[in-house]
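The values are calculated or read from the model by the stated rules, or taken from the named source; none is laboratory data. This is a predicted model, so every value here is computed, not measured. No Cβ is skipped: glycine too gets one built from the backbone with ideal geometry, and neighbour counts run over all protein chains shown. With ligands, DNA and RNA removed, areas are computed over all heavy atoms of the protein, side chains included. Shrake-Rupley method; radii C 1.70, N 1.55, O 1.52, S 1.80 Å.
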Amino acid sequence: SLRDPIAIMQAVMEDPFIYMHGPEHHVMAGAALLAAYHNCGGQICLEEALRQMEERGSQIPGGVCGFWGCCGAGVSAGIFMSIVTGATPLAGKSWGLSNRMTARALEAIGEIGGPRCCKRDTFTAVREAVRMAGEELGVEMELPERIVCTFSGENRQCLRGKCPYYQG
């Protein structure tokens, strides 16, 4: 469904040009959220929002999860919140919401633990963003009853049974 950012991402992830791991996830998480947010009544100009997402998310280098301590998919969720609320460095409430969104995503990602899995971390960041958008912005996006990852066979570092999305 185009109201479910996980479904949107899973369709994109099936493309052979999308690697198992990589900085494309730093744009993908926020872009899927923006599309679903718009399709669920969020008042944004989707074309402009996606342009901003690509511009901002593309600046997050690969490997930041381990080297900087902030997964790029979590930061992407914060960028989503920044775009939809119009946050700037000088803003008040929207600035706070954007930082809280990133913190919430990173907390959930960190709770699962490493090593990095861009699929797992992106699913987790988006799940948290859907919840926060409903709570704070009143826009109810859809989530699957259970997020199921179909990429474990491609990931040598897969946590398997310790991953909430592992299908066994």
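Where does each of 85-96, 131-142 land if you order them by average Cβ count within 10 Å, highest first? Could you put the intermediate results ahead of the total?
Working: 85-96: 12.7, 131-142: 16.0.
Ranking, from highest mean packing down: 131-142, 85-96.
In Å², and per residue, what accessible area does the range 1-69 have when probed at 1.4 Å with the other protein chains present?
Details: 3720 Å² over 69 residues.
Normalised by residue count, the accessible surface of the range 1-69 is 54 Å².
For an R0 of 45 angstrom, estimate the FRET efficiency from the Cβ-Cβ distance between Trp95 and Arg160 and round to the nearest 0.05. Walk me through the intermediate numbers first.
Numbers: r = 39 Å, r/R0 = 0.87.
After rounding, the FRET efficiency stands at 0.70.
Could you tell me what percent of the accessible area of the chain is made up of carbon and sulfur, with a 1.4 Å probe and every protein chain present? The partial results should precede the final answer.
On the way: 4490 of 8400 Å².
Carbon plus sulfur share of accessible area: 53 percent.
Kirkwood Rh over Cα pairs of the range 14-95 into Stokes-Einstein at 10 °C, 1.306 mPa s: D in µm²/s?
Working: Rh = 13.2 Å.
The estimated diffusion coefficient comes to 120 µm²/s.
Would you calculate, for the chain, the mean residue ellipticity at 222 nm contributed by helices, counting each DSSP H stretch of 4 or more residues as -39,500 (n - 2.57) and dividing by all residues, to the nearest 500? Each step should come with its number before you reach the end.
Details: 7 runs with 89 residues, N = 168.
After summing the helix terms and dividing by residue count, I get -16500 deg cm²/dmol.
How high is the relative contact order of the chain, in percent, with contacts defined as C-alpha pairs under 8 Å that are six or more residues apart?
Details: 251 pairs, mean separation 42.8, N = 168.
26 percent.
For the range 84-157, what is the Kirkwood hydrodynamic radius in Å, using each pair of distinct C-alpha atoms? It would help to have the intermediate numbers written out before the result.
Numbers: mean 1/r = 0.0724 Å⁻¹.
About 13.8 Å for the range 84-157.
List the extent of the Cα atoms of the chain along each of their three principal axes, largest first, rounded to whole Å.
42, 34, 28
Taking 0.36 nm per residue of separation and subtracting the Cα-Cα distance, what length does fully extending Arg51 through Leu2 add?
Numbers: separation 49, 0.36 × 49 = 17.64 nm, distance 1.87 nm.
Answer, rounded to one decimal: 15.8 nm.
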